[in-house]
Amino acid sequence: MRKRSKRYEADAKKLDAAKKYEVAEAVKILKTFTPTKFDSAVEVVMKLGVDPKRSEQNIRGSVALPKGIGKARRVIVFADGEEAQAAREAGADEVGMVELAQKIEGGWFEFDVAIAMPRTMKVISKLGKVLGPKGLMPSPKNGTVTEDVKTAAREFKAGKIEFRNDSAGNVQAAIGKLSFSEGDLKANIDAFIDHIRAMKPPTVKGVYIQNVTVSATMSPGIALAVQG
């Protein structure tokens with residue numbers, strides 16, 4: 001059995017293992033956990049009743065959280081001409097075409113989000129082998145392939161997050177920092193859960209949202225009372 005730290009064990013004693021907490025109560029408990037030397041990320045994990053082997057049941061996308069995520073994201077955009085200038089004005093960290101693709105091929109990955117216009121995909125299609133495994137390849141499904149690169153760059157810089165289910169049907173996302181106010185954390189948690197709920201595939205039978213937990217970095221998870 002994995003040995004837990006004294007800090008973890010002390011925080012775990014604040015929880016009733018048999019109980020599922022309302023979001024507001026869970027956030028209040030989370031804020032009482034022993035602080036770390038850094039501003040811990042707050043994560044939500046949702047176990048969904050989807051079959052990841054069926055493509056139409058995979059959950060993938062992006063959502064702009066109402067209170068941001070407390071972290072500046074590094075955004076690059078594949079664009080040229082007027083769209084390139086618009087992306088720069090929206091705060092994109094790097095903008096380019098062939099030269100940007102070559103920079104990535106050379107091993108540069110100092111970015112969190114890559115955005116592209118549909119017509120520029122032919123320039124970066126060969127990057128799939130290096131960006132795909134890192135979850136950085138632009139895709140229409142998560143809003144990173146779009147004609148409106150200006151809006152996309154602005155939203156992702158402001159804290160729009162991407163998500164996708166894993167092979168077990170879990171969706172996990174960092175929705176803020178432990179330093180956020182209780183109200184801001186609750187707003188982000190509610191927004192993320194509501195967004196995933198609205199994405200329920202029509203072919204899913206039975207309970208869609210099976211379990212939801214919220215935790216801070218290296219803290220116990222708090223089970224949430226969320227209707228499936």
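Within the stretch 164-181, none of the residues are closer than 22 Å to F33 by Cβ, in contact (Cβ under 8 Å) with a residue 40 or more places away in the chain and acidic (D, E).
Would you confirm whether any residue within the stretch 198-220 is in a helix (DSSP H, G or I), within 17 Å of the chain's Cα centre (by Cα) and touching a residue at least 60 places away in the same chain (Cβ under 8 Å)?
no
Within the stretch 127-140, the set of residues being at pLDDT below 90 and either crowded, with 16+ Cβ neighbours inside 10 Å or in a helix (DSSP H, G or I) (or both) is empty.
When the stretch 38-57 is filtered for residues that are buried (at least 20 other Cβ atoms within 10 Å of the Cβ) and either farther than 27 Å from G183 by Cα or of a type in the set (K, R) (or both), only V50 remains. Can you spot a residue in the stretch 63-82 that is closer than 27 Å to L178 by Cα, over 21 Å from the mean Cα position of the chain (by Cα) and assigned by TED's automatic domain parsing to the domain that holds G206? No; the residues of the stretch 63-82 include none that is closer than 27 Å to L178 by Cα, over 21 Å from the mean Cα position of the chain (by Cα) and assigned by TED's automatic domain parsing to the domain that holds G206.
Let's see how each residue does on (1) within 19 Å of the chain's Cα centre (by Cα); (2) closer than 19 Å to R73 by Cα:
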residue: L100; (1), (2): no, yes
residue: I104; (1), (2): no, yes
residue: E110; (1), (2): yes, yes
residue: M117; (1), (2): no, no
residue: M121; (1), (2): no, no
residue: I124; (1), (2): no, no
residue: K129; (1), (2): no, no
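One line per residue, one yes/no per condition, for (1) in contact (Cβ under 8 Å) with a residue 60 or more places away in the chain; (2) within 24 Å of R154 (Cα to Cα):
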site	(1), (2)
A24	yes, no
V45	yes, no
V50	yes, no
A92	yes, yes
Q102	no, no
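Suppose we filter V171, V204, V145, V214 for residues that are under 30 Å from E105 (Cβ atoms) and surrounded by 15 or more Cβ atoms within 10 Å (Cβ to Cβ); which single one remains? Going through V171, V204, V145, V214 in turn, just one is under 30 Å from E105 (Cβ atoms) and surrounded by 15 or more Cβ atoms within 10 Å (Cβ to Cβ): V145. Take G91 and decide whether it is part of a loop (DSSP other than H, G, I, E, B), out of contact with any helix residue (DSSP H, G or I) (no Cβ under 7 Å at 6 or more places or on another chain) and over 24 Å from T213 (Cβ atoms). Taking the combined requirement at face value, the residue does not satisfy it.
Which of the residues belonging to the stretch 141-197 are polar (S, T, N, Q), in a loop (DSSP other than H, G, I, E, B), in the same structural domain as A64 (by TED's automatic domain parsing) and in contact with a Pro (Cβ under 9 Å, 6 or more places away or on another chain)? If the condition is that a residue be polar (S, T, N, Q), in a loop (DSSP other than H, G, I, E, B), in the same structural domain as A64 (by TED's automatic domain parsing) and in contact with a Pro (Cβ under 9 Å, 6 or more places away or on another chain), then N165, S167 are the ones that fit.
Checked against (1) in contact with a strand residue (DSSP E or B) (Cβ under 8 Å, 6 or more places away or on another chain); (2) surrounded by 17 or more Cβ atoms within 10 Å (Cβ to Cβ), K150 passes all but condition (1).
How many residues, within the stretch 131-149, are under 17 Å from A79 (Cα atoms) and under 20 Å from the mean Cα position of the chain (by Cα)? The qualifying residues number 10.
The values are calculated or read from the model by the stated rules, or taken from the named source; none is laboratory data. Nothing here was measured: the structure is a model prediction, and the numbers come from that model. For neighbour counting, all protein chains shown are included, and Cβ atoms are generated from backbone atoms with ideal geometry for every residue, glycine included.
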